[in-house]
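A short write-up of the structure that comes next.
The values are calculated or read from the model by the stated rules, or taken from the named source; none is laboratory data. Being a predicted model, the structure only gives us computed values, none of them experimental. When we count neighbours, we look across all protein chains shown, and the Cβ atoms used for this are built from the backbone with ideal geometry, even at glycine. Keep in mind that these areas ignore ligands, DNA and RNA; they rest on the heavy atoms of the full protein, side chains included. Shrake-Rupley method; radii C 1.70, N 1.55, O 1.52, S 1.80 Å.
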Amino acid sequence: MTSLPARDLGTVKLAELFAEPGCPLCHHRDRAVVRYIEGFMYESVNDVAFRASLDVARGFCGPHTTDVLTGGRHVSGGMVGSAILFGAVMRVRERELRAVRSAGGLSRGRRAQEALRPPACLVCAEAATVDDAAVASLMRLA
């Protein structure tokens, strides 16, 4: 088997994953997701811009909610960071539910549908960006 003609740090790291069993793109994404979660748990729990993005996103998907909880324990040794983020998400969701309760007529149904939509998980968005970049790198090198 020939090696991947890696030319920069990003493609060197991706090329190394071809030596491991399983999908190198999945390994690359999984490692990037862990680094992303650890990064915001360490640096951005109280960052205004990150928190605003989290408010707009309305939280994390189910699997990444678990990963954030695990990442919080790993980075800080406790759950304070995770609790801060989950508290912020609960406040956003509480406002949505109060808006449903206070709405009348047709707007109640619309607000209920809005409250039911899944969150636009920031971690999923990061994973998609990492996937796109890795595939583009492989396409350039192929």
Using alpha-carbon coordinates, inclination of helix 48-57 to the longest axis of the chain, degrees: 80
Fully extended contour minus Cα-Cα distance, from residue 30 to residue 131, at 0.36 nm per residue: 35.4 nm
Using alpha-carbon coordinates, inclination of helix 122-141 to the longest axis of the chain, degrees: 20
Apportionment of accessible area to carbon and sulfur, the chain, percent (1.4 Å): 61
Solvent-accessible surface ranking, highest first, for 36, 42 at 1.4 angstrom: 42, 36
The chain: relative contact order in percent, alpha carbon pairs under 8 Å with at least 6 residues between: 33
Net lengthening on full extension, residue 103/residue 115 (0.36 nm per residue, minus Cα-Cα): 3.1 nm
For region 8-142, size of Cβ-based charge dipole, Lys and Arg +1, Asp and Glu -1, in debye: 880
Reported label for calculated Kirkwood radius over Cα pairs in Å given (1) 17.3; (2) 16.5; (3) 15.8: (1)
Among 36, 120, 102 - extreme Cα towards positive end, dipole of the chain, charges at beta-carbon: 102
Helix 24-43 axis, angle to the chain major axis (alpha carbon atoms, nearest 10°): 50
Linear extension gain, residue 13 paired with residue 53, 0.36 nm per residue minus alpha-carbon span: 11.5 nm
